[in-house]
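Some notes on the structure that comes next.
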Amino acid sequence: MNALEITDLKKTYQSKSRTVEALKGISLNVAQGDFFALLGPNGAGKSTTIGIISSLVNKTSGTVKVFGYDIDSDVEAAKSQIGLVPQEFNFNMFETVLQIVLNQAGYYGVERTEALIRAEKYLKQTDLWEKRNARGRELSGGMKRRLMIARALMHEPKILILDEPTAGVDIEIRRGMWEFLKDLNAQGITIILTTHYLEEAEMLCRNIAIIDNGKIGQNTNMKSLLATL
Ligand code: ADP
Ligand code: ADP
């Protein structure tokens, strides 16, 4: 079973003054359990691609299936497979860490007792349990990023999608994040991340697609790619 199947995906952003062909027909498959990188420069179409996979952005044409669920005909089932970690911190800075993750569980209809069990598990895993009563705004940058991950895990998705997970994060914290993501993947969750940073893909990923100007250049395993550089 593939975790993700994208076929001939196109996206055109249209506004009064300009038209941007952000995706010009991309196709790719990600196997269950993979650690997959979508690597490309700014403006390549990475955020657009994951926005469409997560049903936050409308596509122009093409098909996307998440664990076999089509994002057009089975949108709720497709969404429930995905935990999304966007680039911007979009939680309520005035709520506590515990409230923030419990709200997410509530949003997905996870029952209260189960939600508390998961909150403890994922806050411990992201090293935030001691901070559970701190407010969002009191957290350091690295802690905020880990909170975004803990929150994305609360409905126990099969795929974790991270948009530039270590953007603006210093090298110490970046290494900690890498180890943590490797551990998560080893536990069986499929991970897809976007990055413009080859070293990050090289450290973490088994398979990679290189996207530029809305097109996939190479889609290969990391070892073969490194052999061509
Ligand atoms: P990346 O994540 O690789 O930096 P994006 O998917 O954000 O790339 O952007 C791809 C292209 O689409 C860029 O040219 C960008 O300017 C354009 N774009 C992205 N979002 C919008 C939008 N909401 N409206 C118009 N153009 C957009
Ligand atoms: P800072 O206050 O400099 O932003 P953090 O609070 O983000 O630092 O990080 C505190 C410690 O947690 C660091 O030693 C870092 O290596 C470690 N760490 C960073 N990311 C993770 C993670 N995802 N899981 C577990 N530990 C992490």
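A compact table of results
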read-out	value
Farthest toward positive dipole pole in the chain [+1 Lys/Arg, -1 Asp/Glu at C-beta], among LEU204, VAL57, HIS155	VAL57
Mean Cβ count within 10 Å, highest first, over the residues of peptides 60-68, 147-155	147-155, 60-68
Mean Cβ neighbour count within 10 Å, used as a protection proxy, ranking 37-45, 120-128 highest first	37-45, 120-128
All aspartates and glutamates inside 18 Å of LYS65 as judged from Cα atoms, apart from same-chain residues fewer than 8 positions distant	GLU5, ASP8, ASP34, ASP74, GLU76
Environment charge at LYS11 (Cβ cut-off 14 Å; Lys +1, Arg +1, Asp -1, Glu -1)	+3
Zone of TYR13's modelled label, taken as backbone nitrogen in region 34-53 under 20 Å from a point 7 Å along Cα→Cβ	38-53
Above-threshold pairs, the threshold being 20 Å between Cα atoms, out of LYS79/LYS158; LYS11/LYS223; LYS124/LYS182; LYS46/LYS121; LYS59/LYS158	LYS11/LYS223; LYS46/LYS121; LYS59/LYS158
Solvent-accessible area, 1.4 Å probe, carbon plus sulfur percent, for the chain	46 percent
Phi to ³J(HN,Hα) by Karplus 6.51 cos²θ - 1.76 cosθ + 1.60 over region 196-211, Hz, x for Gly, Pro	10, 10, 4, 4, 5, 4, 5, 5, 10, 9, 8, 10, 8, 10, 9, 10
Amide H partners (placed H, <5 Å) of ALA3, local residues excluded	VAL30, ALA31, GLN32
Amide H within-cut-off set for VAL57, under 5 Å, with H built and near neighbours excluded	ILE52
Hz values of 3J(HN,Hα) by residue in region 143-148 - Karplus curve (6.51, -1.76, 1.60), Gly and Pro given as x	5, 4, 5, 5, 5, 4
Amide proton proximity set for GLY25, modelled H, under 5 Å, gap of 5+	LEU9, LYS10, LYS11
Inter-part distance where region 60-114 and region 1-41 are each reduced to a Cα centre, Å	19 Å
Accessible area in square angstrom per residue, the chain, 1.4 angstrom probe	49 Å²
HN-Hα J in Hz across region 116-132 - Karplus 6.51, -1.76, 1.60, θ = phi - 60°, x for Gly and Pro	5, 4, 5, 4, 5, 4, 7, 6, 5, 4, 9, 6, 10, 4, 5, 9, 4
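The values are calculated or read from the model by the stated rules, or taken from the named source; none is laboratory data. Quantities reported herein were computed from a predicted structural model and do not represent experimental measurements. Here Cβ is always computed from backbone atoms with ideal geometry, including for glycine, and neighbour counts include all displayed protein chains. Heavy atoms of the whole protein, side chains included, go into the accessibility calculation; ligands, DNA and RNA do not. Shrake-Rupley method; radii C 1.70, N 1.55, O 1.52, S 1.80 Å.
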